[in-house]
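Undergrad: A single structure is presented below for examination.
Bear in mind these aren't lab numbers, they're just calculated from the coordinates by the rules spelled out. Every value quoted in this text rests on a predicted model; they were computed, and no experiment measured them. Methodologically, a virtual Cβ is constructed for each residue, glycine included, from the backbone with ideal geometry; neighbour enumeration extends over all protein chains shown.
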Amino acid sequence: MGIFNLFKKKETAPKAMPGRPVSVHITEPQFYEDTKTGGAFGVLCLSENTVTALPKEKITFNCKPEDEPKAIFDEVCRQIGIYYKDKENFTCLKRKLRWKNPVVQCEFGFCSSHSNMRGKWVNFEIVPTLYAVENEGMEKKGLLYLHIWPENLDICHVNESIFAKIIEYIEDKIQFAKEMCTKEGFSAFLDRNKDIKFITDAKNNQIFLEKLGK
């Protein structure tokens, strides 16, 4: 199950340190309020039984629809950086997010559009790219040719629901990257795309598969 929207239902917060994410077990998405500190916690659902509670300040967007599109875009990039800054294997840059394990590195580039219309529409494009960490003999720093489609979202009226969609897309592609880290996973991917020559015939892909088999 993917990430849900936030649901505003005030309850007593589970035990947690203010300003730090905690895992809780509840039956439905909720909105918690810390009665001791006054802090509030929004909830993003990751599965039927497990949710991650995030301090509200991490998803309070300092922008309005009537602001310049660049200001809205930069604010969303900033919030993504806040969300991932303390998570393992992530590196946060101004307009890029990087996830890396010993086998692959997944980069998410964030960009917008010259066609943005202030107060009406602001494009937020997420472009994922996967690289082999051990890239000896490969071109373009180990770029893997995987035909991953980018995602485009309208962030003019950005809120928790839109932000959740951004995180859901990123997490989905990281899960895909993890699946590419084994010979079985990568071979299955190539087999599913055997009719797409630029994937199956790519030199980098073939070298990467050979390295996974060692």
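Undergrad: Give Lys173/Lys211; Lys87/Lys194; Lys100/Lys211 a once-over and call out the pairs whose C-alpha atoms are over 25 Å from each other. List each step's numbers first, then the result.
TA: Details: Lys173/Lys211 22 Å; Lys87/Lys194 35 Å; Lys100/Lys211 17 Å.
Pairs exceeding the cut-off: Lys87/Lys194.
Undergrad: Let me ask something else about it. For Glu139 paired with Asp86, estimate the spin-label separation in nm (one decimal), with each label point 7 Å from Cα along the Cα-to-Cβ line.
TA: If labels sit at Glu139 and Asp86, their model points lie 4.4 nm apart.
Undergrad: Need the full-extension length gain, Ala188 to Lys94, defined as separation in residues times 0.36 nm minus the C-alpha distance. One decimal, nm.
TA: Values: separation 94, 0.36 × 94 = 33.84 nm, distance 3.47 nm.
That pair, Ala188 and Lys94, stretches by 30.4 nm at full extension.
Undergrad: Once you put a point 7 Å from the Cα of Gln206 and another 7 Å from the Cα of Trp121, both along the Cβ direction, what distance in nm separates them?
TA: Output for this residue pair reads 4.3 nm.
Undergrad: Report the percentage of all Cα-Cα pairs in the stretch 113-176 whose separation exceeds 14 Å, rounded to a whole percent. Show your work: numbers first, answer last.
TA: Values: 1314 of 2016 pairs.
Result for the distance tail: 65 percent.
Undergrad: Which one, Ala177, Ala164, Ile207, projects farthest toward the positive side of the charge dipole computed for the stretch 156-214 from Cβ point charges (K/R +1, D/E -1)?
TA: Ile207
Undergrad: Continuing with the same structure: Sorted by packing (mean other beta-carbon atoms within 10 Å per residue), highest first, where do 91-104, 157-170 land? The partial results should precede the final answer.
TA: On the way: 91-104: 15.9, 157-170: 18.4.
Answer by packing, highest mean first, reads 157-170, 91-104.
Undergrad: On to the next question. Which Rg and Dmax, in Å, describe the Cα atoms of the stretch 60-214?
TA: Reported Rg and Dmax, both Å: 17.4, 55.
Undergrad: Here's another thing I want to ask about it. Given labels modelled 7 Å from the Cα in the Cβ direction, how far is it in nm from Ile196 to Thr60?
TA: Result: 4.2 nm between the two label points.
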